[in-house]
Ligand code: NAD
């Protein structure tokens, strides 16, 4: 869908008016393929701990141009502030303030990533410092310019900074794959997972199911997982059969026509997989609908289908897949679609927000259930994404929604897909039960 405002403001007369009036001027976000190397250099690693040395060494090993100080650098591609050993609020400034003087030297599409540990409710001074990282990072993300982003990695105590999840999260957040992720934290809670040797095809040899795959975000997820090397099973309602078979042909995927809310849908999916000897390593639960109405006008014909498609079907499908015992691979990954509406709430969306807040709590519990299989479950919460779903919004509401984030534009389906591909990968084995917002730091919720 066209963002006419952004097109206009990037034209010569539009840029002139924007300069004069202070109107938002959204930058072009770098995406996969726009950069010659996965990490934009030079990379400055700040911090004094052994963990900081470790991170710098790892990045050098990946061929990055790594520095430990800004010195007189004219242009800085990436900054990593390693704060794993801070013990009091006074430590924050010592490590972070050198970045202040370098903010104007950040390259277009630059990345800032903090690596720190979550507060534990044990040591007041240390927790005050650890908590401070969150406020710093979220504010810095609002101040990034020219398509740059700032995000953080929280590493649980006891997990070393060379754990696969830390390296994987760092690779994702430094890369153009996280173009629309801003002001967010990924929590690495264990040393599970493994690093991907083949960075171009991290999902090679894996089989992935995507529900609601015929169009929009689901189709982008299927394409991205396929580009990353996965074999795809694409599912959608029989009514979307034509689009689904076109996508299946394009990706050499296996199509499944199934309404996820129909009686026994989970068991039918299991039989389908067994008949074709398919074993799923990845399940992306993307099928979703909206039926917006103010709660004063809410009726069961708008409430029930939203809850049925967006959350009840996910509970039933994952139950069936787990209980079958032979259709999930080792270390399965489930990634579910939540929404920022499920975090902050949204006028006219009591039904939708109930379903999406349900998804956020569901993946946490599902992660605990999948742990014995070495599996993970996580959710991705998109903000405003340019799809047919958001094209149906009233024009003015849509225009406001697009601008209300730090990147001043709507995200693309591929941005959501990239986050899902990362959470589906072996590198994300230490990340479980969380919800990652892909919203350009939409100014709603926490
Ligand atoms: P979309 O309407 O473009 O696509 C949804 C797909 O799900 C369609 O192909 C549809 O046929 C399929 N589907 C619906 N009901 C189904 C059922 N019962 N069984 C099987 N398939 C079914 O929507 P989208 O914008 O691509 O959204 C995809 C997901 O992302 C949804 O879960 C949505 O809630 C979530 N999301 C979207 C946005 C956004 O801005 N577009 C924001 C937050 C969250």
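Just so you know, all these numbers are worked out from the coordinates, no wet-lab data involved. Computed from a predicted model, the values in this text were never measured in an experiment. Counting neighbours? That spans all protein chains shown, and the Cβs are built from the backbone with ideal geometry, glycine included.
May I ask you to derive the relative contact order of the chain, considering only C-alpha pairs under 8 Å and at least 6 residues apart, and to give it as an integer percent?
Relative CO of the chain lands at 15 percent.
Quick check: pseudo-label points 7 Å beyond the Cα along Cα→Cβ at residue 347 and residue 330, how many nm apart are they?
Computed distance between label sites residue 347 and residue 330 equals 5.4 nm.
Can you tell me the order of 87-95, 336-344 when each peptide is scored by its average per-residue count of other Cβ atoms within 10 angstrom, highest first?
336-344, 87-95
Kindly state, to the nearest 0.05, the FRET efficiency for residue 396 paired with residue 34, given R0 = 30 Å and r defined as their beta-carbon distance.
0.45
The stretch 111-168 to the stretch 197-245: how many Å between their Cα centroids?
32 Å
Taking a ≥ b ≥ c as the square roots of the Cα gyration tensor eigenvalues, with a/c under 1.5 meaning rounded and otherwise prolate when a/b beats b/c, else oblate, which class fits the stretch 131-187?
Note, shape of the stretch 131-187 comes out oblate.
Binning at 5 Å from 0, report for the stretch 173-253 what percent of all alpha-carbon pair distances ends up in each bin.
3, 13, 20, 17, 19, 15, 8, 5, 1
Rounded, prolate or oblate: pick one for the stretch 207-438, where a ≥ b ≥ c are the square roots of the eigenvalues of its C-alpha gyration tensor, a/c under 1.5 means rounded, and failing that, prolate if a/b is larger than b/c, else oblate.
In terms of gyration-tensor shape, rounded.
Sum -39500 (n - 2.57) across every DSSP H segment of at least 4 residues in the chain, then divide by the residue count to get the 222 nm mean residue ellipticity, nearest 500.
Theoretical 222 nm ellipticity from helices: -11500 deg cm²/dmol.
Using Cα atoms only, what is the angle between the long axis of helix 50-61 and the major principal axis of the chain, expressed in degrees (0 to 90) to the nearest 10?
Between helix and principal axis, roughly 70 degrees.
Stretch residue 252-residue 372 to full length: gain in nm at 0.36 nm per residue minus the Cα-Cα span?
Roughly 40.0 nm would be gained on extension.
Give me 363, 254 sorted ascending by neighbouring Cβ count inside 10 Å, so fewest comes first.
So the ranking, lowest neighbour count to highest, is 254, 363.
Using DSSP, restrict attention to beta bridges with both residues in the chain and report what percent are antiparallel, rounded to the nearest 5.
Antiparallel: roughly 0 percent of the beta bridges in the chain.
If I fit a long axis through the Cα atoms of helix 216-227 and take the longest principal axis of the Cα atoms of the chain, what angle between them do I get, 0 to 90°, rounded to 10?
Between the helix axis and the principal axis of the chain, the angle is about 70 degrees.
Of the listed peptides 101-107, 232-238, what is their order by residue-averaged count of other C-beta atoms within 10 Å, with the highest listed first?
The peptides rank, most packed first, as 232-238, 101-107.
Please give the residues of the stretch 356-377, grouped as numeric ranges, whose backbone N is less than 19 Å from a label point set 7 Å along the Cα-to-Cβ vector of residue 323.
362-363, 365-373
Between residue 293 and residue 65, how high is the FRET efficiency from 1/(1 + (r/R0)^6) when r is the Cβ-Cβ distance and R₀ = 45 Å? Nearest 0.05.
0.25
If each residue's Cβ is checked for other Cβ atoms within 10 Å, how do 356, 293, 7 rank with the fewest at the top?
Going from least to most buried by this count: 7, 293, 356.
Work out, step by step, the length gained on full extension between residue 143 and residue 7: first 0.36 nm times the residue separation, then minus their alpha carbon distance; give nm to one decimal.
46.7 nm
Cα axis of helix 164-174 to longest principal axis of the chain: angle in degrees, 0 to 90, nearest 10?
Between the helix axis and the principal axis of the chain, the angle is about 80 degrees.
What is the order of 5, 352, fewest Cβ neighbours within 10 Å to most?
5, 352
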